[in-house]
Amino acid sequence: GAGVSQTPSNKVTEKGKYVELRCDPISGHTALYWYRQSLGQGPEFLIYFQGTGAADDSGLPNDRFFAVRPEGSVSTLKIQRTERGDSAVYLCASSLNGITEAFFGQGTRLTVV
Amino acid sequence: AQSVSQHNHHVILSEAASLELGCNYSYGGTVNLFWYVQYPGQHLQLLLKYFSGDPLVKGIKGFEAEFIKSKLSFNLRIPSVQWSDTAEYFCAVISGGGADGLTFGKGTHLIIQP
């Protein structure tokens with residue numbers, strides 16, 4: 001595709017449930033980033049992939065959060081036992097090589113009720 | 001770890017005013033610098049970038065940003081704001097040759113009154 005695609009665009013889930021958020025980066029981009037953005041705040045870094053491996057996962061808030069990128073393209077952010085505090089917009093971005101500019105998707109708005 | 005500070009969190013101006021948004025980063029090595037903009041209801045878009053060369057980078061509508069290495073700064077200047085410039089503006093930095101990822105500031109919410 002032409003840009004970064006995130007699905008679903010909106011997700012409402014009950015507290016305690018498991019969710020998966022998907023990101024399709026721009027074809028050929030080796031770097032992929034996940035961020036979380038709350039209303040009125042800047043993007044909060046979660047995890048950064050170079051190829052298939054997580055170059056930096058220091059932003060994952062706890063062990064309920066996990067992300068994979070098994071073939072170096074599509075990535076899935078997984079959240080177990082969701083809590084109301086996990087409600088936010090989850091942003092994905094990709095970059096050609098992790099040095100040049102990142103392109104963002106529209107985000108997935110997660111609401112935990 | 002790299003950190004980015006934006007000094008103005010909320011700015012309200014009238015059209016035609018000029019504006020400078022401050023951005024400072026903490027890591028003094030080689031950096032790539034960015035300004036992103038997020039218009040209401042839209043995704044983050046790249047506004048300006050600096051990798052090397054002329055430290056004054058220019059974009060559309062007269063937007064410009066200046067990299068001052070000695071101050072670890074990359075301030076954004078808008079010479080004459082328009083109502084359509086109402087948005088969130090984020091400064092971001094890549095350092096460590098990309099190993100440190102892309103770090104954002106908390107953003108500035110700019111509101112332009114017509």
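Of all DSSP beta bridges located in the protein assembly as shown, what percent are antiparallel, nearest 5?
Numbers: 68 of 77 bridges.
Just about 90 percent of them are antiparallel.
Treat every Asp and Glu Cβ in segment B:1-72 as -1 and every Lys and Arg Cβ as +1, leave all other atoms uncharged, and give the resulting dipole magnitude about the Cα centre to the nearest 20 debye. Mind showing how you got there, number by number?
Values: 5 positive and 5 negative charges, 35 e Å.
Here segment B:1-72 has a charge dipole of around 160 debye.
Residue separation times 0.36 nm, minus the C-alpha to C-alpha distance between B:K71 and B:S26: what's the value? Walk me through the numbers before you get to the answer.
Values: separation 45, 0.36 × 45 = 16.20 nm, distance 0.98 nm.
15.2 nm is the gain from fully extending B:K71 to B:S26.
Taking each pair of different alpha-carbon atoms in chain A once, compute 1/r for the pair, average those values, and report the inverse of that mean as the Kirkwood hydrodynamic radius in Å to one decimal. Show your work: numbers first, answer last.
Working: mean 1/r = 0.0723 Å⁻¹.
Taking every pair of different Cα atoms in chain A, averaging 1/r and inverting gives 13.8 Å.
Using a/c under 1.5 as the rounded threshold, could you call chain B rounded, prolate or oblate? The axes a ≥ b ≥ c are square roots of the C-alpha gyration tensor eigenvalues, and prolate needs a/b larger than b/c, oblate otherwise. Walk me through the numbers before you get to the answer.
Details: a/c = 1.99, a/b = 1.67, b/c = 1.19.
Because a/c hits 1.5 or more and a/b exceeds b/c, chain B counts as prolate.
List the pairs from A:K78/B:K58; A:K78/B:K49; B:K71/B:K106; A:K11/B:K58; B:K58/B:K106 whose alpha-carbon separation is above 30 Å, in the order I gave them.
Too far apart for the 30 Å limit: A:K78/B:K58; A:K78/B:K49; A:K11/B:K58.
Within segment A:5-53, report the chymotrypsin sites (Phe, Trp or Tyr not before Pro) that DSSP leaves as loop and that have at most 15 other Cβ atoms within 10 Å. Please list the in-between numbers first.
Working: sites: A:Y18, A:Y33, A:W34, A:Y35, A:F45, A:Y48, A:F49; in loops: A:Y18.
Qualifying residues, ordered by number: A:Y18.
For chain A, calculate the relative contact order in percent as a whole number, restricting contacts to Cα pairs under 8 Å that are 6 or more residues apart. Don't skip to the answer; put the middle values down first.
On the way: 295 pairs, mean separation 41.9, N = 113.
Value for chain A: 37 percent.
Under a Cβ-only charge scheme (Lys and Arg +1, Asp and Glu -1), can you give me the dipole magnitude of segment A:5-112 about the Cα centre, in debye to the nearest 20?
Details: 11 positive and 11 negative charges, 83 e Å.
Here the size comes out at about 400 debye.
Just for the Cα atoms in the protein assembly as shown, what are the lengths along the principal axes, largest first, rounded to whole Å?
Taking max minus min along each principal axis of the Cα atoms, the protein assembly as shown gives 49, 38, 32 Å.
Over chain B, what is the relative contact order in whole percent, taking alpha-carbon pairs under 8 Å and six or more residues apart? If you can, show how the numbers build up before the last one.
Numbers: 286 pairs, mean separation 43.7, N = 114.
Relative contact order of chain B: 38 percent.
So how much accessible area does A:V74 have, in Å² to the nearest 10, using a 1.4 Å probe?
In the full protein context, A:V74 sits at about 40 Å².
Among B:G97, B:G41, B:G59, which one moves the most in a GNM of chain B with springs linking Cα atoms closer than 10 Å?
With Cα springs under 10 Å in chain B, the top fluctuation among B:G97, B:G41, B:G59 is at B:G41.
The values are calculated or read from the model by the stated rules, or taken from the named source; none is laboratory data. Because the structure is a prediction, the values reported are computed rather than measured. Neighbour counts are summed over all protein chains in view; Cβ atoms, including those assigned to glycine, are modelled from backbone coordinates with ideal geometry. Areas reflect the complete protein model, heavy atoms only, side chains present, ligands, DNA and RNA absent. Shrake-Rupley method; radii C 1.70, N 1.55, O 1.52, S 1.80 Å.
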